[in-house]
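The values are calculated or read from the model by the stated rules, or taken from the named source; none is laboratory data. Here the structure is a predicted model, which is why all the values come from computation and not from measurement. Positions of Cβ are backbone-derived with ideal geometry, glycine not excepted, and every protein chain shown enters the neighbour counts. Ligands, DNA and RNA are stripped out before the accessible areas are found, and what is left, the full protein with its side chains, is counted by its heavy atoms. Shrake-Rupley method; radii C 1.70, N 1.55, O 1.52, S 1.80 Å.
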Amino acid sequence: MADQPDPSAVLIRAVGPDDDLDAHLDLAERSFGPKSPAERDRWRQWAVGVIAQGRCLGAFAGGRLAGTAVIQDMRQWWCGRALPMAGVSGVKVAPEDRGRGIARRLMAALLHEVAARGYPLSALYPATMPLYRSLGWELAGARDTAVISARSLRDLVPPDPVIAAVGPGAAAGSPRLRRAAPGDAETVISVIGQVHEAARDCGPITWDAASVADWLADPDLYAYLCEDGFLVYRWRNGNDALFVEGAEAISAETQRAFWAHVGSHASITEQVYARVGPADVFWRLTRERDADVEHRSLWMLRVVDAPAAIAARGFPSAVSLSVPLVIADDLRPANSGRWRLTVAEGRGALDPVSEPTARAGPPLTLGARGLAALYAGTPLRSLRQAGLASGGSAGHDAALDAAFAGTAYMLDAF
């Protein structure tokens with residue numbers, strides 16, 4: 001009789017094309033709920049792609065698929081510069097296998113794989129936070145969905161007369177919007193990147209061209225491009241509401257054109273839901289206090305390669321500093337040790353220090369979670385109050401707050 005797999009043994013490996021896709025789908029539905037036939041078809045197409053690329057890790061208990069986690073290839077913007085970022089999604093463990101430590105083993109293996117692939121950062125939306133915090137992820141930002149009466153967007157607040165009289169493009173007129181198709185994927189990515197660079201945004205992501213093309217191919221999606229912006233939305237609840245997935249632009253004229261376009265649906269729809277950032281012009285274009293945050297999702301960040309993450313990040317060009325740090329990161333030993341963080345002319349560097357010097361002053365000590373939160377713009381006062389930072393000095397705190405300043409946000413879910 002052939003040996004049977006040990007039901008208590010757990011093996012972590014990449015899910016392969018020869019593994020049972022139906023078992024993977026069953027695990028997804030047991031974990032997150034049932035899917036419609038159309039949703040199952042889309043899920044299968046997506047799963048085949050990520051499995052073929054080796055981006056799905058599986059936990060196999062006794063030969064049976066008991067858990068999975070997916071690595072998404074993304075770019076994330078930090079103070080106007082884009083970094084490779086591993087988005088983590090689809091983390092799940094079969095209900096009968098929970099409580100055995102499988103999720104922790106799976107995520108620890110995923111962190112190792114993310115590092116091996118050269119990603120300096122990783123982000124995720126947590127269903128529960130203790131697991132991810134134990135592995136070095138920490139809360140970094142939010143994804144807000146605003147809601148407003150469609151009629152409130154029909155008559156936008158005009159520019160201040162003084163500004164309108166001297167502002168650039170005052171006589172240029174409304175920009176021309178054209179429909180975006182799957183073949184425009186590279187252009188969409190470029191335009192969105194230009195928006196985030198110009199705004200020195202912190203947190204938003206951009207996808208790869210294939211994913212954007214698939215997104216634009218959705219027949220229920222309405223997307224528009226112009227020279228310096230991208231607008232995308234869909235109907236919601238029949239025609240009771242519009243859901244704006246993004247209205248991103250550089251110029252004031254294009255932003256106004258986008259929201260006027262959305263507001264032109266007010267004769268049909270009652271409400272508009274919109275994914276917007278905390279400083280989005282959307283909040284300043286309505287005449288009354290009609291807009292509100294309808295839903296907020298929090299996301300977490302993990303610094304995987306600290307020197308690479310600092311070197312690739314943008315910093316305010318007016319900030320200059322040199323601060324000693326001590327980082328303790330048990331799961332990423334290469335991050336641990338004594339460092340000197342320098343920032344100048346919009347660039348940063350994290351260099352190892354062999355011996356501390358009295359002249360440098362007391363070092364700021366951070367764990368993996370504190371480092372992630374600092375990177376995302378959390379003030380040092382908050383980090384100290386949360387028990388995520390110690391040491392350092394008041395002068396260094398002020399300089400670090402200025403260097404990492406910014407309210408991190410995302411528009412995309414994954």
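Brief remarks on what is shown
- Beta bridges per DSSP with both ends in the chain, % antiparallel, nearest 5: 85
- In the full protein context, the chain carries 48 Å² of accessible surface per residue, based on a 1.4 Å probe and ignoring ligands, DNA and RNA.
- Test item: Cα-centred dipole of the stretch 264-414, Lys/Arg +1 and Asp/Glu -1 on Cβ, debye: 340
- With R₀ fixed at 35 Å, the C-beta to C-beta distance from Arg236 to Ala386 puts the FRET efficiency at about 0.40.
- Taking Cα centre as origin and charging only the Cβ of basic (Lys, Arg, +1) and acidic (Asp, Glu, -1) residues, the dipole magnitude of the chain rounds to 840 debye.
- Stretch gain in nm, segment Val162-Thr342, where the contour uses 0.36 nm per residue and the Cα spacing is subtracted: 60.7 nm
- FRET efficiency for Ser190 and Val147, using Cβ-Cβ distance with R0 set to 22 Å, rounded to 0.05: 0.15
- Paramagnetic reach from Ser174 in the stretch 251-266 [backbone N under 11 Å; point 7 Å along Cα→Cβ]: 256-265
- The stretch 191-244 - convex hull of the alpha-carbon atoms, volume per residue in Å³: 104
- Net +/- balance of residues flanking Val157 in space, Cβ distance below 15 Å, scoring K and R +1, D and E -1: 0
- For Ala86, the residues whose amide H sits under 5 Å from its own are Leu121, Ser122, Ala123, ignoring neighbours fewer than 5 places away on the same chain, with H placed 1.01 Å from N.
- Backbone HN-Hα couplings from phi across the stretch 303-308 [Karplus 6.51/-1.76/1.60, Hz, Gly and Pro as x]: 7, 8, 10, 4, x, 5
- The accessible surface of the stretch 269-376, taken with every protein chain in place and a 1.4 Å probe, is 48 percent carbon and sulfur.
- Solvent-free Debye scattering, log10 I(q)/I(0), computed from the Cα coordinates of the stretch 318-414 at q = 0.11, 0.13, 0.14, 0.17 Å⁻¹: -0.32, -0.44, -0.51, -0.76
- Residues listed by number, the stretch 314-332, amide nitrogen under 19 Å from Thr365 label point at 7 Å toward C-beta: 323-332
- Ranking Phe315, Ala328, Val304 by Cα position along the charge dipole of the stretch 303-357, where only Lys, Arg, Asp and Glu carry charges on their C-beta atoms, puts Phe315 farthest toward the positive end.
- Under the span-like rule (Cα at least 20 Å along the axis, Kyte-Doolittle mean at least 1.0), DSSP H helices of the chain: 102-116
- Normalised convex hull volume, the stretch 273-329, alpha-carbon set, Å³ per residue: 175
- Placing +1 on the Cβ of every Lys and Arg and -1 on the Cβ of every Asp and Glu, with no other charges, gives the stretch 198-284 a dipole of roughly 280 debye about its Cα centre.
- Carbon and sulfur %, accessible surface of the stretch 1-157 computed with the full protein complex present, 1.4 Å: 52
- Kirkwood-based Rg to Rh ratio, the stretch 240-312, C-alpha trace: 1.12
- All Cα-Cα separations within the chain were binned at 10 Å from zero, giving a P(r) of 4, 19, 27, 24, 17, 6, 1, 0, 0, each value a whole percent of the pairs.
- With each label modelled as a point 7 angstrom along the Cα→C-beta vector, the Glu39-Asp26 pair spans 2.0 nm.
- Sites Leu221 and Leu131, calculated FRET efficiency, Cβ-Cβ separation with R0 35 Å, nearest 0.05: 0.55
- Loop chymotrypsin sites (Phe, Trp or Tyr not before Pro), the stretch 279-322 (other Cβ atoms within 10 Å of the site Cβ: 14 or fewer; DSSP): none
- Positive-end residue, the stretch 58-163 charge dipole about Cα centroid, Cβ charges, pick of Gly87, Gly99, Gly62: Gly62
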